[in-house]
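Working notes, beginning with the structure itself.
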Amino acid sequence: MAATVRGDGDHPPHPPPHRPHAAAAAVARPRHDDRHPRGAATCGRRGGARPPRRQWRRRRRRGGAHPDAADLASAVAAAAAAPPACVRQITTAAELDAVLSEASVPRADGGRPPLVVLEVYATHCRACKGIARAFTRVCEVHREAIFLASNADVDDELMRRLGVRGTPTFVLFRGGVRIDHFYAKDRDALEEQVTQNL
């Protein structure tokens, strides 16, 4: 039996590709705004859109205005030159005499009067700033002694009376009498001198 050969016109036509209408495609395909309710600004970021630059700067400045550089430097220099919290500040010769008079009173147990340690410093002195922390540590350890501090730039009369020629100078008193003076650059030298005279 002979096979039937079909010509080109006998093949059924191929169906045309399916191309939805533009309006239907727009409805079926989710828009970028539908996938990301917050809009394109949230794409690729966590936690939502970043606030505008001006608003972001205002948030950074809520903590308060930054102090001026000159004022900050002055505050740091004053804090470094000032005596420690456990040290009493002496500004005049009369104040020093009052402290020495109180410290010269004999103790009730018959012991020796307490040791008085006076530090003479200057605001412009770098060595004074360096030993300020060491002076604090010695003051906190030896509570049985009285620690004083005096700025050499405040009272010239007091400096002449003490005979101070450089800073920092440490002057020791006991019973209202000057017993020694020395110059120290570190804590070891300072603590050694204080311990020997306790």
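Every read-out reported here was derived from the displayed coordinates using simple, explicitly stated rules and does not represent laboratory data. These numbers were taken from a predicted model, which means no experiment stands behind them. Heads up, the Cβs are rebuilt from the backbone with ideal geometry, glycines too, and the neighbour counts pull from every protein chain shown.
Could you work out how much longer the chain between R161 and R137 gets when fully extended? Use 0.36 nm per residue separation minus the Cα distance between them, nm to one decimal.
5.8 nm
Simple spin-label model, 7 Å along Cα-to-Cβ: E95 to R178 in nm?
Roughly 1.9 nm, to one decimal.
State to the nearest 20 debye the size of the charge dipole of region 85-196 about its Cα centre, where the only charges are +1 on K and R beta carbons and -1 on D and E beta carbons.
200
Packing-wise, with mean Cβ within 10 Å as the measure, how do 134-146, 155-167 rank, highest first?
Most protected by this proxy first, the peptides run 134-146, 155-167.
For D109 and D188 in the same chain, what is the full-extension length gain: residue separation times 0.36 nm, less their Cα-Cα distance, in nm?
Length gained, D109 through D188: 25.3 nm.
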